[in-house]
Amino acid sequence: MPHDPLRLPQRPRRLRQSESLRHMVRETRLDAAHLVWPLFIQEGAASEPIAAMPGCSRLCVADLLKEGERALALGIRAVALFPRVPDSLKTADAKEAWNAKGLVPRAVAALKKELPDLCVITDIALDPYNSDGHDGLVSDAGEVLNDATVARLCQQALAHAEAGADMVAPSDMMDGRVGAIREALDLAGFERTAILSYAAKYASAFYGPFRDALDSAPRAAGGKPVPGDKKTYQMDPANAREALREARLDEDEGADMLMVKPAGAYLDIIQRLRQETTLPICAYQVSGEFAMIKHAAAAGAVNERAAALESLLAIRRAGADLMFTYFAPQAAAWLKEA
Ligand code: PBG
């Protein structure tokens, strides 16, 4: 009786027999340096937990510095800042967005002073500052205005660059903003400030917990007919070719890196962009993706560590160089143990 009754010449299982063999033939690796940690910040002397995002808090600047230090110790090289702006500073013209003494410029300056090696990325969009909750200015007729918004985004990017941001990340999806921001930065002598462009940002249902965290959901204000969603500027989840068009435009306008957002449900978009561009690609595992794993794990449906690391590995495998993820510190710690 032959030991190999099927006489199979190909037995893929041979290379899966031991952890050593599996490690040798592993095609994708995950490293703390691939992770960018999105951090929420707020005014005042205390931090506050975010109910919709287990384990995350809105940080006061003192705690932000501690978390920045923790990031570096874990091998995470970059953080991305998102401010919660008090209602009293939210206006229809969103002017707090380019206040040089505002929360974001102060937080950036503090981080760059204390932790110069930590790369600081800032979000360019008006939604945290806008009483209408939109990424752009809203006309009296309820239209999200493109060109008027782009001028404001340039002012916002300048305020962040002046404070020392390494990279500005326009997440607003207005047309032409990458070129305009590049020109504004260069004219002011900030040719070294990089632009990470949210090239393919979809009008996704997975941003819910983030909008809760920042109190930034679109809402009717001042009697205007304000649209309750962002579908006139964020992309339709049905479209893939359009993402290539957006990416090409942003690259031509001078983007240094391109973002796909969300990540997990858009792996095909990451893969297609990877084939089309030589720029580094980022993918944003957004608040809803994070919350789904957290809640499923809390309910005992999945193992949190395994599910989180698998979700990140899949995003890497699709072709992302970098990943924004709220799991960053946990994942980096798990990777150290592994
Ligand atoms: C807005 C912005 C959003 C996120 C990052 N920047 C929300 C939105 O577009 O409504 C979402 C991130 C997340 O859900 O984790 N400029």
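A search for C-beta distances below 8 Å between a residue of the stretch 195-223 that is more than 15 Å from residue 285 (Cα to Cα) and any residue that is of a type in the set (Ser, Thr, Tyr) and open to solvent by 10 Å² or more (accessible area, probe 1.4 Å), counting only pairs 6+ apart in sequence or on different chains, returns 221/131; 222/131.
Screening 14, 29 for residues that are in contact (Cβ under 8 Å) with a residue 40 or more places away in the chain and open to solvent by 100 Å² or more (accessible area, probe 1.4 Å) leaves exactly one candidate, 29. Looking only at residues of the stretch 79-92 that are in a strand (DSSP E or B) and surrounded by 20 or more Cβ atoms within 10 Å (Cβ to Cβ), we find that the one that is farthest from the ligand (Cβ to nearest atom) is 79. When you scan the stretch 164-175, do you find a residue that is over 20 Å from the mean Cα position of the chain (by Cα), closer than 23 Å to residue 210 by Cα and not aromatic (Phe, Trp, Tyr), even just one? No, the conditions are met nowhere in the stretch 164-175.
Surrounded by 17 or more Cβ atoms within 10 Å (Cβ to Cβ) and away from the ligand (no atom under 14 Å from the Cβ): is that true of residue 196 in this structure? No.
Among the residues of the stretch 93-108, those identified as open to solvent by less than 50 Å² (accessible area, probe 1.4 Å) and assigned to a loop (DSSP other than H, G, I, E, B) are 94, 102. Screening residue 212 on (1) near the ligand (Cβ under 9 Å from one of its atoms); (2) among the acidic types (Asp, Glu); (3) assigned to a helix (DSSP H, G or I) shows it passes everything except condition (1). Evaluated against (1) in a loop (DSSP other than H, G, I, E, B); (2) under 13 Å from residue 134 (Cβ atoms); (3) of a type outside the set (Val, Ile, Thr); (4) within 16 Å of the ligand (Cβ to nearest atom), residue 175 falls short on exactly one condition, (2).
Scanning the stretch 178-193 for residues that are within 16 Å of the ligand (Cβ to nearest atom) and not hydrophobic (A, V, I, L, M, F, W, C) yields a total of 0. Selection of first residues in the stretch 104-126 that are under 14 Å from residue 66 (Cα atoms) and of second residues that are modelled with pLDDT under 95, restricted to Cβ pairs under 7 Å at least 6 apart or on distinct chains, gives an empty result.
Restricting to the stretch 38-53, name every residue that is within 12 Å of residue 210 (Cα to Cα) and part of a loop (DSSP other than H, G, I, E, B). Those that are within 12 Å of residue 210 (Cα to Cα) and part of a loop (DSSP other than H, G, I, E, B): 50, 51, 52, 53. Listed by first and then second residue, the pairs linking a residue in the stretch 266-293 that is over 16 Å from residue 322 (Cβ atoms) and among the aromatic types (Phe, Trp, Tyr) to a residue that is in a loop (DSSP other than H, G, I, E, B) and within 16 Å of the ligand (Cβ to nearest atom), with Cβ atoms under 6 Å apart and 6 or more places separating them unless they lie on different chains, are 290/326.
The values are calculated or read from the model by the stated rules, or taken from the named source; none is laboratory data. This one's a predicted model, so the numbers in the text were calculated from it and none came from an experiment. Heads up, the Cβs are rebuilt from the backbone with ideal geometry, glycines too, and the neighbour counts pull from every protein chain shown. Surface accessibility is based on the protein's heavy atoms, side chains included, excluding ligands, DNA and RNA. Shrake-Rupley method; radii C 1.70, N 1.55, O 1.52, S 1.80 Å.
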